[in-house]
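S.K.: What follows is a structure written as C-alpha cells; I'll ask about it next.
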Amino acid sequence: MIKLKPLTEQAEWEWVNSRAHPIQCADSQGIVAYDKRGIQAICVADSFTVDACSVHLAIDSPFVIRHGFFHEVARHLFIACGRKRIFGLVPSSNEKALRLDVHLGFEEVARIPDAYAEGIDYVVLRMDKETCRWLKKPEEQRQEAA
C-alpha cells in the first residue's frame, strides 16, 4: 500500500537530494510516496511562475506510478496550485529519466547544447494541464458523481 504525504521532513529532502539534486528554495514543495519499505518516490516543485513551475522527480519504484503517485502530483500542481504547465530539465545522458518522463506524458520542447557538461545537453520537458492524462476529464468526474 502506498501512502502519499507532503514533503516536510529533513530525511525526505536528503533522500531526494541524493537522487535528483533539487535546490531547496522558498517556494519548494513536494509530494512523497511511502510504502512499508520507506520512501519510494518524491516530486519536488519549485520556481513557481504565474502559470508554471519546475518539477524534479526521484522514483525508486515505478510501482508508485500505478498506485496514484503521479495522479496526486498532477492534481496538486494543476488543480490545487493552479498551474497550466509544468517543466522538467534532464541531462541528455540520463536516458532512463528521459524515457520515464516521456512515458509520464512530458514532451521535449528544447535542448540546450552542452548545458550540463561538455557533450551533454539539458533537455527541457513540458507537460500541459489541458493534455495531462493523469487528470480526470470533466465528463468522467460527472459520471462518478452521479
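The values are calculated or read from the model by the stated rules, or taken from the named source; none is laboratory data. All of these numbers come straight from a predicted model, not from anything done at the bench. Cβ coordinates were reconstructed from backbone atoms using ideal geometry, including for glycine residues, and neighbour counts include every protein chain displayed.
S.K.: On the given criteria, is HIS103 part of a helix (DSSP H, G or I) and farther than 25 Å from GLU14 by Cβ?
M.R.: yes
S.K.: Please pick out the residue among SER61, SER47, SER18, SER54 that is under 15 Å from ASP128 (Cα atoms) and polar (S, T, N, Q).
M.R.: Selected residue: SER54, the only one of SER61, SER47, SER18, SER54 that is under 15 Å from ASP128 (Cα atoms) and polar (S, T, N, Q).
S.K.: Would it be correct to say that ARG85 is under 12 Å from LYS129 (Cα atoms), out of contact with any Leu (no Cβ under 9 Å at 6 or more places or on another chain) and among the charged types (D, E, K, R)?
M.R.: Yes: the conditions hold for ARG85.
S.K.: Hey, can you tell me all the residues within the range 52-79 that are assigned to a strand (DSSP E or B) and more than 18 Å from GLN24 (Cβ to Cβ)?
M.R.: ALA52, ILE59
S.K.: Testing VAL50 on (1) more than 18 Å from HIS76 (Cα to Cα); (2) of a type in the set (A, V, I, L, M); (3) out of contact with any strand residue (DSSP E or B) (no Cβ under 9 Å at 6 or more places or on another chain), one condition comes back false. Which one is that?
M.R.: In the conditions (1) more than 18 Å from HIS76 (Cα to Cα); (2) of a type in the set (A, V, I, L, M); (3) out of contact with any strand residue (DSSP E or B) (no Cβ under 9 Å at 6 or more places or on another chain), VAL50 misses (1) alone.
S.K.: Please go through the range 20-55 and pick out each residue that is modelled with pLDDT under 95 and surrounded by 17 or more Cβ atoms within 10 Å (Cβ to Cβ).
M.R.: Answer for the range 20-55, where residues must be modelled with pLDDT under 95 and surrounded by 17 or more Cβ atoms within 10 Å (Cβ to Cβ): ALA20, PRO22.
S.K.: Next up: Conditions: (1) at pLDDT 95 or above; (2) among the aliphatic types (A, V, I, L, M); (3) closer than 26 Å to PRO6 by Cα. ALA110 meets all but one. Number of the miss?
M.R.: (3)
S.K.: What do you reckon, is ALA80 within 15 Å of the chain's Cα centre (by Cα), more than 19 Å from ALA52 (Cβ to Cβ) and not β-branched (Val, Ile, Thr)?
M.R.: Here the answer is no, as ALA80 does not meet what is asked.
S.K.: Checking GLU12 against (1) out of contact with any helix residue (DSSP H, G or I) (no Cβ under 7 Å at 6 or more places or on another chain); (2) in contact (Cβ under 8 Å) with a residue 40 or more places away in the chain; (3) surrounded by 13 or more Cβ atoms within 10 Å (Cβ to Cβ), only one condition comes out false. Which one?
M.R.: Evaluating GLU12 over (1) out of contact with any helix residue (DSSP H, G or I) (no Cβ under 7 Å at 6 or more places or on another chain); (2) in contact (Cβ under 8 Å) with a residue 40 or more places away in the chain; (3) surrounded by 13 or more Cβ atoms within 10 Å (Cβ to Cβ) leaves (2) as the failure.
S.K.: When you go through (1) within 18 Å of GLN24 (Cα to Cα); (2) not in a loop (DSSP other than H, G, I, E, B) one by one for LEU98, which number turns out not to apply?
M.R.: For LEU98, the failing item is (1).
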